[in-house]
1. May I ask you to evaluate 6.51 cos²θ - 1.76 cosθ + 1.60, the Karplus curve with θ = phi - 60°, for each residue of the range 92-109 and list the ³J(HN,Hα) values in order in whole Hz, giving x for glycine and proline?
2. Could you order the peptides 349-357, 226-234 from most to least packed, using the average number of other C-beta atoms within 10 Å per residue?
3. I need the P(r) histogram for the range 130-279: all alpha carbon pairs, bin width 10 Å from 0 out to the longest distance, whole percents.
4. Run the accessible area of the range 190-257 with a 1.4 Å probe and give the carbon-and-sulfur part as a rounded percent.
5. Using the heavy atoms of the protein chains alone and a 1.4 angstrom probe, what is the accessible area of the range 189-237 per residue in square angstrom?
6. Determine the shape class of the range 90-175: with a ≥ b ≥ c the square roots of the Cα gyration tensor eigenvalues, call it rounded for a/c under 1.5, and otherwise prolate if a/b is greater than b/c, oblate otherwise.
7. Taking the Cβ of R266 as the centre, find all other residues whose Cβ is under 12 Å away and add up their charges (Lys, Arg: +1; Asp, Glu: -1).
8. Once the whole set of protein chains is in place, how much accessible area is left on R216, using a 1.4 Å probe, in Å² to the nearest 10?
Amino acid sequence: MTNLHFARTDSRTQQGRAVWQLAIAFGLATCVMGFRYSVAAEPSAVGQGTAPETRRLELPETPFNYSDIDWPEHFRSAVERFDNTPPDNSLTDDGATLGRVLFYDMSLSANGTVSCASCHKQELSFTDDEPLSVGFDGEKVARNSMSLVNARFYQRGRFFWDERARTLEQQVLMPIENPIEMGHDLDELIPQLAADPIYPPLFTKAFGSSEVTIDRVAKALAQFVRSIVSYQSKYDIGLAEAGSYRRSFPNFTEQENLGKDVFLRRANCVSCHLSNALPFNPHRPDEPYDSSKRPSRQAAFFTMTTPAVNGVDADTDEVDLGVGAISNAEMDRGRFKSPSLRNVELTGPFMHDGRFRTLDQVVEHYNWSIKPHPNLDGRLDNFAANGMALPEVPKVALVAFLRTLTDRSVLTEEKWSDPFVSASSVDQGGQTSNIK
């Protein structure tokens with residue numbers, strides 16, 4: 001692998017800019033000849049009093065594969081129908097590479113202290129472990145950070161807990177300008193990125209020219225987020241071996257298979273979290289993943305198809321109204337989008353306000369604590385009246401099953417990791433080590 005290294009250091013003079021332009025030309029020339037190169041560049045304006053810094057990128061000469069995924073069979077039958085990628089922003093390897101750099105770049109915040117990755121950490125399945133995330137100036141945001149894993153397969157294509165973003169391309173820009181989250185101004189950010197030698201070559205590869213625009217920033221970030229997919233969990237392996245999620249999985253423990261049965265039958269989690277999957281039919285255990293006669297069924301994503309009221313709050317003006325605060329419709333009061341259950345054991349605290357620290361607390365909510373609400377999802381009516389009433393053994397088994405949805409490859413894949421090399425890994429000669 002040949003590493004492309006870029007560096008940037010502070011300067012604000014015209015003379016300095018000329019030096020950097022010469023450095024860029026030299027760097028590009030050496031790249032063509034196949035050598036390592038470093039480009040000194042002026043950093044972005046990231047707030048008053050920011051100390052000079054030097055940053056370097058470590059990217060492969062041939063980009064990582066983001067676009068050509070060998071899906072398992074239970075994904076392949078549903079990907080096309082659930083994929084929210086718009087026709088004008090197809091996922092490409094170079095586009096996602098640019099998005100990866102933007103995602104981890106702290107200069108996208110007003111004072112250079114946070115990036116998108118600050119609230120969406122790879123090791124935590126692209127969320128954080130705070131009930132409420134913390135913005136660029138230390139202030140807490142209004143809601144819990146949602147995992148980005150398999151965001152590509154939310155069929156409605158709307159984002160945030162209240163779905164105020166109509167597309168992922170809209171969503172990725174909104175935290176940048178949010179006064180609490182990142183606090184920057186897009187009209188200032190675009191010339192900042194255009195003047196930064198890190199970016200023009202990446203924009204050229206992604207879009208065919210070095211022009212930096214708001215639309216291109218949005219598209220690149222959205223491509224990177226859509227590239228973060230999970231399909232290699234213990235559940236996926238078991239499903240491939242068993243041929244149907246209705247059968248016992250040979251790679252599961254007895255407890256995990258019991259938990260899967262609870263998920264599908266007694267707790268009926270499947271009715272919400274497998275996108276309109278049919279109730280368990282014990283007389284047809286060999287029914288396949290998908291059927292052309294039932295195009296809404298799938299066994300892959302564990303994502304609810306619409307926002308819902310799950311009874312964590314009663315209906316009052318003092319609680320978060322969710323979608324209702326955006327639409328002003330009575331029927332939307334208390335409705336929230338739900339993230340995928342994939343990697344759920346790593347994405348707590350849970351719910352829009354992070355009120356539950358553990359999966360056991362989440363299950364206990366559905367077991368006994370659903371509050372009455374005029375918009376309560378109808379699939380929870382019986383539990384609201386009588387409780388789910390799971391005894392301890394099936395309750396613990398259900399949590400064990402949820403843990404089989406963990407895909408640890410998402411936490412370690414280099415293509416989704418921070419491409420900026422820490423200063424400690426750059427030696428005095430300017431060469432970059434493999435240490436991240």
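The values are calculated or read from the model by the stated rules, or taken from the named source; none is laboratory data. These numbers come from a predicted model, not from an experiment. Backbone-built Cβ (ideal geometry, glycine too); neighbour counts: all protein chains shown. For accessibility, only protein heavy atoms count, side chains too; no ligands or nucleic acids. Shrake-Rupley method; radii C 1.70, N 1.55, O 1.52, S 1.80 Å.
1. Each residue's phi maps through the Karplus curve to give 10, 5, 6, x, 5, 4, 4, x, 4, 5, 4, 4, 9, 7, 5, 6, 6, 9 Hz.
2. Working: 349-357: 18.3, 226-234: 21.7.
My ranking of the peptides, most packed first, is 226-234, 349-357.
3. All Cα pairs, binned at 10 Å, distribute as 9, 26, 28, 19, 13, 5 percent.
4. Of all accessible area on the range 190-257, carbon and sulfur atoms account for 51 percent.
5. Heavy-atom SASA per residue in the range 189-237 reads 30 Å².
6. Working: a/c = 1.61, a/b = 1.17, b/c = 1.37.
Oblate is the answer for the range 90-175, as a/c is 1.5 or above yet b/c matches or exceeds a/b.
7. Within the 12 Å Cβ shell, the charges total +2.
8. Near enough 40 Å² of accessible area.
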